[in-house]
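Working notes, structure below.
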Amino acid sequence: MTMLKDLAKKFTARAYLAYARRRDRTDIIDVGEYLSRIATALILPPEQPENFKAAIRILEGLRQHFAQTQFYLLTPKTCAEMMSLDENVRLISYGLDEIGFHGLPKDKLQQAIRSRHFDMVIDLNLEFNLIATFLCRTSEAKLRICFVHPSRDPFYNFQMRAIDSNSLEQKYQSLVNYLAVFTNNLTSRKAMAESMSAF
C-alpha cells in the first residue's frame, strides 16, 4: 500500500507541475519596496522534526526585520507541540486526513491558506516539497520565496542559492540576512530622500 501511495504521489507531482507551469504567470514586483509593507507572511518549514526545529529558530530573526508583520507557520500536527507561540506567530496545523491519497492538500487546508490573503510566503524546504509548493501557489501571495530548485522555478519569484557546505541553520540565517539587505537598503533610501527634501 505504501509503495502504491508513493507511486501515486510521484505521478501527481509530475502532473501537477506540468499543469501549473502552463497556467501560472508571475507578476514582476519591486522586492525592496514590497518587503517594506508586508502585513502577513506564511512560513512553510520542513516536516522532519530536526529540520523543523532549525526552521522555527530563525523566526526571531525574521520578526526583527518585519516587526509589523503577522507571521503564520504551517505545520503537521505531529510537529505542533514543538512550538511555543505568542501573538506574533500563529499556527496553521494539519493532520494526515487533510492530505489526499495522491499527496495534495484537500479543500479544507487549501481554504485555510487562501482565506488569509498572505503578502509573502517563505518555503524553507531545501528539497522540493509538493505540499509546500502547492499551498504556496494556492496562497496567491505576490512574493513567494524559496531556495533554488529546478522544479520550483515557475512557482516562486524570489529564489536564493544555498551554499552546500553550510549547515541548515547557516542557510536559513543567510536567507534572513539577504532579506534584511533589501529592507535596510529601502530604509536608507527613504531616509536619504527625506533629508534631501528638507533642503
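Below, the figures for the structure above:
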| quantity | calculated |
| --- | --- |
| Relative packing of 55-63, 137-145, which averages over residues the other C-beta atoms within 10 Å, highest first | 137-145, 55-63 |
| Cα-Cα over 19 Å, subset of LYS53/LYS106; LYS53/LYS142; LYS53/LYS77; LYS77/LYS108 | LYS53/LYS106; LYS53/LYS142 |
| Cα→Cβ-extended label distance, 7 Å offset, between ASN184 and MET82, nm | 2.9 |
| Estimated distance in nm for a label pair at GLN70 and ARG37, the labels positioned 7 Å out from Cα along Cα-to-Cβ | 1.8 |
| Packing-based ranking, highest mean first, of 150-158, 164-172 given that Cβ atoms within 10 Å are counted | 150-158, 164-172 |
| Label-point separation, GLU169 to ILE29 (7 Å along Cα→Cβ), nm | 3.1 |
| Difference of contour (0.36 nm per residue) and Cα-Cα distance, MET160 to HIS117 | 13.1 nm |
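Each value in this text was obtained by applying a stated rule to the coordinates, not by laboratory testing. Since the model is a prediction, treat every value here as computed from it, not as a measurement. Methodologically, a virtual Cβ is constructed for each residue, glycine included, from the backbone with ideal geometry; neighbour enumeration extends over all protein chains shown.
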